[in-house]
Amino acid sequence: MNCPKFSYHINLQGIFPRRRGASNIYLMQIAILDETRELESGFKASLKKIARTVLKSLDAPKNSELSISFIGDDKMRELNRTYRNIDRTTDVLSFPQGEEPDMTLLGDIIISLSTAERNSRRYGITREEEIKKLIVHGILHIFGYDHKKKKERDEMREKEKEILLSLE
């Protein structure tokens, strides 16, 4: 699947310039973009920490870059229809950079806050817990995990459980 050109897709190199004297060593860069304007800044900061922890657990290089965007159901339905030919909203979409992640610019994760809210009520958890699960799920997709076949689904669920437990 090719990475779409979103109006909110950004060049992370431009947002996160390297510090002087840091040469080629810098920290993982996580961009949180909230089109809904519903997320508090403190929560966004905690999401960056979660994403970094997940990336480290998957042995991503220190200079990896990832974008996580939060949108509404209408936009998510449009993206799902355009890129997956499924005419309904979904909770999370992942767009790896190219066919295989180059392990620096990893890609984009798009999360529907409306769907996350509905799912959290259905599963009896907080919206924050559901968003954490969706970030883990989205990152695993970026790293090539899938759930189309039973064996793949079992492997992905096991890895999700392992990572979520490590975040507690």
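General observations
- Contacts under 6 angstrom Cβ, first residue in the stretch 41-63 being among the charged types (D, E, K, R), partner outside any loop (DSSP other than H, G, I, E, B) and at pLDDT 90 or above, 6 or more apart: LYS44/ILE32; LYS48/ILE30
- Filtering ASN85, ASN80 for residues that are of a type in the set (S, T, N, Q) and out of contact with any strand residue (DSSP E or B) (no Cβ under 7 Å at 6 or more places or on another chain) leaves a single hit, ASN85.
- Subset of the stretch 134-168 that is in contact with a strand residue (DSSP E or B) (Cβ under 9 Å, 6 or more places away or on another chain) and not hydrophobic (A, V, I, L, M, F, W, C) - its residue that is farthest from ARG77 (Cα to Cα): GLY144
- Selected residue (only one of THR115, THR53 is in a helix (DSSP H, G or I), among the β-branched types (Val, Ile, Thr) and at pLDDT below 95): THR53
- When the residues of the stretch 120-146 are filtered to those that are hydroxyl-bearing (Ser, Thr, Tyr) and not in a helix (DSSP H, G or I), the one that is surrounded by the most Cβ atoms within 10 Å (Cβ to Cβ) is TYR145.
- Number of positions in the stretch 56-89 that are closer than 20 Å to MET28 by Cα, at pLDDT 95 or above and charged (D, E, K, R): 0
- The single condition from (1) buried (at least 17 other Cβ atoms within 10 Å of the Cβ); (2) more than 21 Å from ASP91 (Cα to Cα) that SER69 fails is (2).
- Taken as a whole, the stretch 90-104 holds no residue that is farther than 21 Å from HIS141 by Cα, touching a strand residue (DSSP E or B) at 6+ places or on another chain (Cβ under 9 Å) and modelled with pLDDT under 95.
- Of residues in the stretch 147-161 being surrounded by 12 or more Cβ atoms within 10 Å (Cβ to Cβ), modelled with pLDDT of 90 or more and more than 23 Å from GLU117 (Cα to Cα), the one nearest to the chain's Cα centre (by Cα): LYS159
- Members of the stretch 73-92 that are outside any strand (DSSP E or B) and closer than 19 Å to LYS133 by Cβ: ASP73, MET76, ASN80, THR89, THR90, ASP91
The values are calculated or read from the model by the stated rules, or taken from the named source; none is laboratory data. Computed from a predicted model, the values in this text were never measured in an experiment. With ideal geometry, Cβ positions are generated from the backbone for all residues, glycine too; neighbour counts draw on all protein chains shown.
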